[in-house]
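Notes follow once the structure below has been shown.
The values are calculated or read from the model by the stated rules, or taken from the named source; none is laboratory data. Here the structure is a predicted model, which means the values were calculated and not measured. Using ideal geometry, Cβ is built from the backbone for each residue, glycine included, and neighbour counts are taken over all protein chains shown.
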Amino acid sequence: MANQIDKSKLAQMALDRCRSQGAEYADVRIERIENESISVSSGTVEPIEHTVSEGIGIRVIKNGAWGFAATDNLSESSIKEKAKLAVEIAEASAMINKSKIELSPLKPAIGEYISPYEIDPFTISLEEKIAFLMDIDQAMQQSGPELNSRDSFADFRRRDKYFKSSDGADITQRLTQAGAGLSLGMMKSHREQYSRSYPSSSGQYETKGYELLEELKLKEAIPRLVEEIGLLQSAEDCPQKETTLLLSGDQVSLQMHESIGHPLELDRVFGSERDFSGVSFATPENLDKLQYASKIVTVVCDPTVPHGLASYGYDDDGVPTYRVDLIKNGILVNYLSSRETAARIGKLSTAAMRANSWSNIPIVRISNIILIPGDKSFEQILSEIDDGIYMETVKSWSIDDNRKYFQFGCEIGWLIEGGKLTKPVKDPTYTGCTTDFWNKCTAIADKDSYRIWGTPNCGKGQPGQNARTAQGASPARFDNIQVGG
């Protein structure tokens with residue numbers, strides 16, 4: 001990629017071109033994104049994916065409307081052409097806009113952010129990475145020779161970002177991410193399929209280096225997963241009743257993602273996703289009033305946390321990241337927002353504006369949202385339940401367009417009797433209404449059970465964009481929840 005001086009020169013040239021065309025504001029992102037994905041399925045190495053994408057995205061405001069254009073051609077003539085096109089698109093948009101865009105105030109940032117890691121994953125040979133996965137595959141085969149499927153994967157990404165704006169921002173970032181996981185399954189018939197995944201159904205992703213693969217201790221989990229698949233084959237169906245529900249941390253993470261993260265994306269609240277993935281019940285008149293959850297629930301947005309999959313130094317508006325409450329003692333107090341959407345409610349941006357790549361216009365995305373841990377151990381919470389059910393590892397989910405009513409299914413459940421996990425149950429499911437469900441949260445496990453779970457494939461936008469998000473969660477208890485059915 002062009003060196004830092006070249007990037008600054010190219011970005012400034014684009015900004016100058018936008019100004020000469022009458023833009024009131026402009027920003028430029030020059031990015032290089034490298035991805036590598038390796039997977040092994042039942043002893044076979046699947047086709048390896050290795051991609052490098054590099055380009056420039058130019059965003060402007062003219063006549064109170066946005067315009068955006070992008071190209072992978074970093075020649076001066078191409079950049080000038082795209083800068084002119086971005087302004088022309090803004091002019092066209094202004095003709096149909098009902099109101100002019102306003103941005104929340106921001107002191108222009110000049111800085112650098114490099115995500116921490118121990119081992120650069122792109123210095124590790126492909127042979128070593130394949131050997132790592134083949135070793136896991138062999139361990140699965142030895143532990144469960146009757147298995148019909150064995151899958152493991154490793155995934156790495158490096159993203160170099162340079163941002164420059166007409167307001168004076170000048171920001172360089174390098175984000176290095178890794179992910180890995182495994183799943184194994186047994187199919188007895190088309191109607192009888194049993195699977196277990198680890199660390200979650202989509203593995204685990206963090207802003208780290210190659211060291212994550214050893215930290216996950218994938219091989220150590222295999223005997224337990226194989227044993228549970230055996231138990232599921234003779235397990236009874238999940239009972240259908242109202243009961244106390246205890247969720248694993250990874251399941252709480254998905255619950256947060258779907259029923260807190262997405263409803264609190266402020267562009268969605270204002271209808272930007274209406275024709276694609278819906279709106280939100282958590283509209284601005286509810287701010288500082290809505291009892292979103294019980295008083296023990298506090299959820300913060302914090303991209304500054306090390307190693308979260310959505311940890312970064314600055315968003316794609318050039319806003320420096322910081323920690324902010326979204327739900328405080330159960331009350332809705334803020335949103336995931338951009339400079340544009342935050343201005344509409346008289347607040348500052350919460351630095352949640354991100355694009356999938358240089359070729360996409362930024363939109364509001366879930367960042368690191370964190371459920372603050374409680375003060376009880378998982379074992380203590382479990383011991384307090386006389387009759388209930390424990391569910392672990394997401395299998396299916398569905399939530400309505402208003403993010404209010406949902407149903408989730410898990411890979412395995414366990415009956416809780418007398419404060420202990422007893423019999424396994426298959427196909428466990430639970431249903432609820434978002435605010436009712438979170439107001440029934442009566443216990444959150446402490447920091448010893450806490451993990452920040454990475455979600456690598458969050459879809460949103462038109463055209464669609466995939467974002468990497470994260471949810472910090474511990475196991476949690478919910479009372480009087482409908483399960484089964």
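Quick notes
- Among residues of the stretch 447-468 being touching a Phe, Trp or Tyr at 6+ places or on another chain (Cβ under 9 Å) and among the charged types (D, E, K, R), the one that is modelled with the lowest pLDDT is Lys460.
- When the test is whether a residue is more than 22 Å from the chain's Cα centre (by Cα), in contact (Cβ under 8 Å) with a residue 60 or more places away in the chain and surrounded by fewer than 23 Cβ atoms within 10 Å (Cβ to Cβ), Thr442 passes it.
- Whichever residue in the stretch 90-118 is of a type in the set (Lys, Arg) and more than 16 Å from Ser165 (Cβ to Cβ) and, among such residues, is surrounded by the most Cβ atoms within 10 Å (Cβ to Cβ): Lys100
- In summary, Phe276 fulfils each of the numbered conditions (1) under 20 Å from the mean Cα position of the chain (by Cα); (2) buried (at least 18 other Cβ atoms within 10 Å of the Cβ) with the single exception of condition (2).
- When each of Ile385, Ile381 is tested for being part of a helix (DSSP H, G or I), outside the structural domain of Gly185 (by TED's automatic domain parsing) and either in contact (Cβ under 8 Å) with a residue 40 or more places away in the chain or more than 28 Å from Asn329 (Cβ to Cβ) (or both), the lone residue that passes is Ile381.
- One residue stands out among those in the stretch 26-63 that are in a loop (DSSP other than H, G, I, E, B) and touching a strand residue (DSSP E or B) at 6+ places or on another chain (Cβ under 7 Å): the one that is farthest from Gly209 (Cα to Cα), which is Ser42.
- Of the set (1) surrounded by 22 or more Cβ atoms within 10 Å (Cβ to Cβ); (2) of a type in the set (Ser, Thr, Tyr); (3) not in a strand (DSSP E or B), all apply to Thr435 but (1).
A quick yes/no check of all residues on (1) without any contact (Cβ under 8 Å) to a residue 60 or more places away in the chain; (2) aromatic (Phe, Trp, Tyr); (3) in contact with a helix residue (DSSP H, G or I) (Cβ under 8 Å, 6 or more places away or on another chain); (4) surrounded by fewer than 14 Cβ atoms within 10 Å (Cβ to Cβ):
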| site | (1), (2), (3), (4) |
| --- | --- |
| Lys7 | no, no, no, no |
| Leu10 | no, no, yes, no |
| Ile30 | no, no, yes, no |
| Gly64 | yes, no, yes, no |
| Gly67 | yes, no, yes, no |
| Lys80 | no, no, yes, no |
| Ala86 | no, no, yes, no |
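- Boolean, Ile412 is part of a loop (DSSP other than H, G, I, E, B), in contact (Cβ under 8 Å) with a residue 40 or more places away in the chain and either under 30 Å from Ala355 (Cβ atoms) or touching a Leu at 6+ places or on another chain (Cβ under 7 Å) (or both): no
- Test: residue in the stretch 326-334 that is assigned to a loop (DSSP other than H, G, I, E, B), without any contact (Cβ under 8 Å) to a residue 60 or more places away in the chain, out of contact with any strand residue (DSSP E or B) (no Cβ under 7 Å at 6 or more places or on another chain) and of a type outside the set (Ser, Thr, Tyr): yes
- Ser359 vs. criteria assigned to a strand (DSSP E or B) and among the hydroxyl-bearing types (Ser, Thr, Tyr): no
- Residue within the stretch 457-479 that is more than 27 Å from Tyr312 (Cβ to Cβ), in contact (Cβ under 8 Å) with a residue 60 or more places away in the chain, surrounded by fewer than 18 Cβ atoms within 10 Å (Cβ to Cβ) and over 19 Å from the mean Cα position of the chain (by Cα) present: yes
- Number of positions in the stretch 159-194 that are in contact (Cβ under 8 Å) with a residue 60 or more places away in the chain, of a type in the set (Gly, Ala, Ser) and surrounded by fewer than 22 Cβ atoms within 10 Å (Cβ to Cβ): 4
- Test: residue in the stretch 294-301 that is surrounded by 24 or more Cβ atoms within 10 Å (Cβ to Cβ) and within 25 Å of Asp167 (Cβ to Cβ): yes
- Set Ile222, Ile260: member being of a type in the set (Val, Ile, Thr) and not assigned by TED's automatic domain parsing to the domain that holds Ser311: Ile222
- Between Leu421, Leu326, Leu382, Leu348, the distinction of being within 20 Å of the chain's Cα centre (by Cα) and at pLDDT 95 or above belongs to Leu326 only.
- Residues in the stretch 428-454 that are of a type in the set (D, E, K, R) and within 26 Å of Leu216 (Cα to Cα): 4 in all.
- Meeting the requirement of 3 or more residues that are out of contact with any helix residue (DSSP H, G or I) (no Cβ under 6 Å at 6 or more places or on another chain) and farther than 30 Å from Gln177 by Cα, the helices (runs of 4 or more DSSP H) wholly within the stretch 193-291 are 218-234.
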